[in-house]
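What follows is a short report on a single structure.
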């Protein structure tokens with residue numbers, strides 16, 4: 001997921017540039033939401049081994065917490081960029097990514113607002129001003145709520161393997177999303193997600209390894 005970094009001058013950029021930067025948040029949010037949605041699955045989710053069984057299990061999950069290590073491959077950089085931190089979800093509509101290393105940063109989707117904080121810099125976006133991003137986030141919330149129909153409205157899904165070792169591939173259906181994300185691949189063993197790989201259309205990509213944390 002070559003996650004283009006949000007500029008420190010975000011709040012002052014022209015509308016066209018802002019639109020491009022908002023579009024760059026799509027792969028970042030994809031990794032955040034997909035990881036949280038799948039990291040907390042119980043073994044029962046794989047009993048029937050189909051998408052509906054998977055969604056039924058997600059619908060019972062009201063929150064999730066995990067650590068992550070993300071490696072970004074960016075064509076313009078000589079070396080991959082690595083970051084780590086925590087992912088959190090609180091039903092019905094709060095998503096949070098807390099990056100701790102190499103530098104602290106937080107990204108929060110709460111209701112109809114997206115907030116980004118980096119050091120002393122804070123940015124806020126109203127999702128209603130960005131219909132494309134709002135629609136994407138709504139599909140994320142549908143996933144976390146276990147809404148298979150919402151997921152199928154936005155992706156072509158391909159689930160294969162077994163409960164012992166499985167893979168789920170998501171291919172965007174919307175043309176604007178297709179211009180950013182080529183595919184999302186999630187793999188795991190039994191009820192534990194091992195990694196989330198996002199490939200962008202520009203050739204950049206990322207691999208996020210996640211580990212579920214026990215409830216406090």
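Segment residue 194..residue 90, full-extension length gain: 35.3 nm, with 0.36 nm per residue of separation and the alpha-carbon distance subtracted. If the chain linking residue 182 and residue 69 were pulled fully straight, counting 0.36 nm for each residue of separation and taking away their Cα-Cα distance, it would gain 38.5 nm. Distance between the 7 Å Cα→Cβ label points at residue 110 and residue 78: 4.1 nm. Cβ-Cβ distance of residue 164 and residue 214, R₀ of 22 Å, FRET efficiency by 1/(1 + (r/R0)^6): the value works out to about 0.45.
Rule-based calculations on the coordinates, nothing more; no lab input. Small disclaimer: the values here were computed from a predicted structure and weren't measured. Methodologically, a virtual Cβ is constructed for each residue, glycine included, from the backbone with ideal geometry; neighbour enumeration extends over all protein chains shown.
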